[in-house]
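Reading through the structure tokens given below for one structure.
The values are calculated or read from the model by the stated rules, or taken from the named source; none is laboratory data. Computed from a predicted structure; not experimentally measured. Note that each Cβ is placed from the backbone with ideal geometry, even for glycine, and that neighbours are counted across all protein chains shown.
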């Protein structure tokens, strides 16, 4: 049993003031693998006070020096990547090979992209050529509460921490209590990289406790949260009393529009993207919308592909999907699969219960539904598991209407060889991101949504700007 009860506050590991034990569960075995402490109000206050005290000096530190520390962090992160991969695989169930490549790799990718973006960022610039005495100064927001989820831990921790650090903010990180070990390892890396005491603080807790305390805290200037839309609404309400800035990366219900002229790999690409990370991605293409002439063939193909997806323990090497994170998520997914059956969707493959041969662990059968209509629960709610819903459309206009008929707006996908059509759809689909023909967005591209998928953007220049205030100055004297 791993014991990690301490918090990282003001540059040192400290015992909780008002902590209580919490067991971290290995989702592959359903057994406890670690014990941490969940903090109380006194712990939250101590972490915020440390960040507040460190802010003036960190704000005054030159951007070049802040960037240099993030560069050092990247070196440390790479040197301890295997520890990080093992931690995430154990606590949230990512298969170890996937944890090494994608889960750890996401952190490496974002840290490097922030370094690249920051090198060319002008924190101090003239308004324009016609206003030589007007200055625009980008200043850090202040003390930031960073609340991160369990599904892509290092992806989200690095997107928030590195952007905040480069911007000159100090911070308190509250990782998910479901997957805290990776964040505690990351705190060790921040310490090893040499960040000044109080710039980065970590306290474990749950949403109702530390999460709510940070959201309402009068000395916190900004909350950056990634998680469920339900929790995002609660954070927004809690933060309203102090009018702090709130940045939200929330749920999604991505539509993947497959037209008759899609390439031969489009269906497989869509199914495998849906199954990646056991379906636990907010940008998953969970609604596969197919043009009528190819609908039947696509349903057959998708069912065959999903039926070949293997499921196994996170510790096993190889290409498979692991368990979902916990018993609550497992039961929610089971209930939604049953709801799909009850509401008349056609079960193509998968279904309720664990996969054959797996009697313990939070494993879900890779599932595909066909003949789904947009009023069905599985078309409306974010399932957050390896469950794909296939829908039919007749025209491009109908596809757009159905795709946009959702409270979410994170990522949509288009598969077509018609460039003019792709461009039309990129403009008409109401989402923060549109990815086409399997082409990933470029390094440093902004990540974020609209509607109930949240606000703000993470990654690259946009991610840094989210942690900055814009100050307009007149009467600037040239030095």
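Here are some notes:
- Every test in (1) closer than 21 Å to residue 124 by Cβ; (2) outside any helix (DSSP H, G or I) is passed by residue 94 save one, and that test is (1).
- Some residue of region 216-228 being modelled with pLDDT of 95 or more, under 19 Å from the mean Cα position of the chain (by Cα) and closer than 30 Å to residue 476 by Cα: yes
- Just one of (1) surrounded by 21 or more Cβ atoms within 10 Å (Cβ to Cβ); (2) over 28 Å from residue 215 (Cβ atoms) fails for residue 145. It is (2).
- One residue stands out in region 26-54 among those that are assigned to a strand (DSSP E or B) and touching a strand residue (DSSP E or B) at 6+ places or on another chain (Cβ under 6 Å): the one that is surrounded by the most Cβ atoms within 10 Å (Cβ to Cβ), namely 36.
- Filter pass, residue 209 being at pLDDT 95 or above, surrounded by fewer than 24 Cβ atoms within 10 Å (Cβ to Cβ) and more than 26 Å from residue 115 (Cβ to Cβ): yes
- Flag for residue 268 being free of Cβ contacts under 8 Å to residues at least 60 places away in the same chain and outside the structural domain of residue 217 (by TED's automatic domain parsing): yes
- Looking across region 76-107, the residues that are free of Cβ contacts under 8 Å to residues at least 40 places away in the same chain and surrounded by fewer than 19 Cβ atoms within 10 Å (Cβ to Cβ) come down to 78, 79, 81, 82, 101, 105.
- Identification of strands (runs of 3 or more DSSP E) wholly contained in region 380-479 with 3 or more residues that are surrounded by fewer than 16 Cβ atoms within 10 Å (Cβ to Cβ) yields 468-473.
- Residue within region 235-254 that is surrounded by fewer than 23 Cβ atoms within 10 Å (Cβ to Cβ), under 30 Å from residue 293 (Cα atoms) and without any contact (Cβ under 8 Å) to a residue 60 or more places away in the chain present: no
- Index of the failed condition, residue 444 passing every other in (1) touching a strand residue (DSSP E or B) at 6+ places or on another chain (Cβ under 7 Å); (2) in contact (Cβ under 8 Å) with a residue 60 or more places away in the chain; (3) closer than 23 Å to residue 226 by Cα: (1)
- Verdict on residue 209 being assigned by TED's automatic domain parsing to the domain that holds residue 143 and under 27 Å from residue 30 (Cα atoms): yes
Here is a yes/no grid of residues against (1) touching a strand residue (DSSP E or B) at 6+ places or on another chain (Cβ under 9 Å); (2) within 20 Å of residue 114 (Cβ to Cβ); (3) assigned by TED's automatic domain parsing to the domain that holds residue 118; (4) without any contact (Cβ under 8 Å) to a residue 60 or more places away in the chain:
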| position | (1), (2), (3), (4) |
| --- | --- |
| 412 | yes, no, no, no |
| 418 | no, no, no, no |
| 429 | yes, no, no, no |
| 451 | no, no, no, yes |
| 457 | yes, yes, no, yes |
| 463 | yes, yes, no, no |
| 468 | yes, yes, no, no |
| 474 | yes, no, no, no |
| 479 | no, no, no, yes |
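- Residue that is assigned by TED's automatic domain parsing to the domain that holds residue 111, more than 19 Å from residue 144 (Cβ to Cβ), buried (at least 19 other Cβ atoms within 10 Å of the Cβ) and touching a residue at least 40 places away in the same chain (Cβ under 8 Å), where the choices are 181, 214, 202: 181
- Conditions (1) loosely packed, with under 14 Cβ neighbours inside 10 Å; (2) over 26 Å from the mean Cα position of the chain (by Cα); (3) at positive phi; number of the one not met by residue 351: (1)
- Residue 62, sole failed condition from (1) more than 22 Å from the chain's Cα centre (by Cα); (2) surrounded by fewer than 17 Cβ atoms within 10 Å (Cβ to Cβ); (3) closer than 16 Å to residue 158 by Cβ: (3)
- So residue 75, is it outside the structural domain of residue 325 (by TED's automatic domain parsing), over 30 Å from residue 473 (Cα atoms) and modelled with pLDDT of 95 or more: yes
- When residues in region 264-298 are screened for being in contact with a helix residue (DSSP H, G or I) (Cβ under 6 Å, 6 or more places away or on another chain) and surrounded by fewer than 20 Cβ atoms within 10 Å (Cβ to Cβ), 1 of them pass.
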